[in-house]
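Before any comments, here is the structure.
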């Protein structure tokens with residue numbers, strides 16, 4: 001069911017702090033500029049690299065961590081820019097466009113998360129030397145990358161009913177509502193079909209890093225300097241995970257670790273990984289709100305433009321207001337294969353597993369009411385809230401939680417594999 005994919009795990013969060021930290025870097029005038037990398041049909045300029053390096057340096061300094069050597073940091077940052085550039089080009093070729101309306105909504109949400117109005121947010125940016133246009137451009141890039149990943153990675157992840165039941169019957173499944181762990185990682189990568197010599201070299205490197213950590217080296221600094229993980233420049237911080245979301249053998253060992261512990265290096269399909277436990281939380285069952293909601297989804301396509309898609313949803317909305325049956329229209333028009341045959345019904349669902357755009361409209365729609373047409377990363381929707389309830393862990397709720405955990409686990413693995421694939425397939429010429 002497409003709308004159940006939680007996009008918060010597909011892309012790194014964009015917060016006000018990150019925007020402000022990059023302000024001074026972007027405000028400086030670069031007297032000289034040159035190409036530092038050719039990436040397929042685009043280039044990365046020295047000014048882009050310098051600006052991002054300064055932003056990362058300020059972020060690391062704010063955490064109080066020691067900076068790695070500038071050359072090492074520049075290589076890490078350049079690799080991040082290359083991966084971002086490849087994804088942006090994929091988005092451009094795929095016809096992914098972010099409308100001004102969507103961009104305005106995203107900026108308003110960022111301002112709201114930082115307890116500001118949009119006017120206060122704009123003023124805060126200007127005080128730190130970052131123009132509002134620069135902020136819009138940065139958010140636009142983040143949104144394009146998010147949608148590229150959703151299309152190329154999230155949509156091809158499938159979780160069967162049997163996998164859900166097997167998970168719930170497992171020891172890890174029974175524990176999945178207990179604790180959550182905030183983790184950081186260091187990844188020393190291995191390509192598919194790596195030679196024995198390459199495997200041995202990677203293992204020597206990760207063992208040396210592990211010994212340095214045991215001797216007191218800072219994990220975040222080591223991640224910035226050496227890790228190939230998607231979260232390397234954030235000190236390896238992966239955010240919160242449940243044990244069941246981690247690949248074996250980390251899933252079984254994390255519960256016995258104390259905050260601050262670092263695992264032994266472990267071989268995974270992507271390379272050698274070490275995890276550090278930063279925090280623990282949870283363990284008590286809590287009441288959660290569920291919403292019974294149904295929707296109609298219409299997607300833009302090569303033969304139907306964004307404007308035509310919007311007009312179609314608006315016409316369906318008018319027909320619903322005129323009294324036509326929601327279920328019949330959903331069966332005839334909805335392009336969500338997971339719900340269309342059920343009259344658009346998503347049944348009772350935990351709002352946290354829905355994408356933010358869908359969740360926000362749903363939360364602002366009263367029971368029995370119809371929403372106005374709105375857009376999410378999946379297309380144009382109109383929804384109706386059938387009812388609301390609180391639950392403390394019914395069988396249906398546990399199945400939904402299991403589905404979410406399994407999807408997130410598969411997404412993390414699939415994303416890393418996909419990023420390695422597009423990097424290997426791209427033409428990249430580094431000019432440094």
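Please treat every number below as a calculation from the coordinates, not as lab data. Predicted, not measured: the structure shown is a model, and the values here were computed from it. Here Cβ is always computed from backbone atoms with ideal geometry, including for glycine, and neighbour counts include all displayed protein chains.
Rundown of residues vs (1) free of Cβ contacts under 8 Å to residues at least 40 places away in the same chain; (2) touching a helix residue (DSSP H, G or I) at 6+ places or on another chain (Cβ under 9 Å); (3) more than 20 Å from residue 417 (Cβ to Cβ), yes/no style:
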| position | (1), (2), (3) |
| --- | --- |
| 188 | no, yes, no |
| 210 | no, no, yes |
| 218 | no, no, yes |
| 249 | yes, no, no |
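Those residues that are part of a loop (DSSP other than H, G, I, E, B) and in contact with a strand residue (DSSP E or B) (Cβ under 8 Å, 6 or more places away or on another chain), I need them from segment 214-237; list them, please.
Keep residues of segment 214-237 that are part of a loop (DSSP other than H, G, I, E, B), which gives 215-218, 227-231, 235-236.
Passing the criteria: 227, 228, 229, 231, 235, 236.
Only residues that are within 17 Å of residue 100 (Cα to Cα) and without any contact (Cβ under 8 Å) to a residue 40 or more places away in the chain: list them for segment 120-139, please.
Across segment 120-139, the qualifying residues are 122, 131, 132, 133, 136, 137.
Restricting attention to segment 354-385, and to residues there that are under 16 Å from the mean Cα position of the chain (by Cα) and part of a loop (DSSP other than H, G, I, E, B), which single residue is surrounded by the fewest Cβ atoms within 10 Å (Cβ to Cβ)?
Looking at the filtered set, the residue picked out is 355.
Out of 294, 311, 267, which single residue is assigned to a helix (DSSP H, G or I) and surrounded by 13 or more Cβ atoms within 10 Å (Cβ to Cβ)?
311
Name the residue, out of 216, 235, that is over 21 Å from the mean Cα position of the chain (by Cα) and at positive phi.
Exactly one residue qualifies, and that residue is 216.
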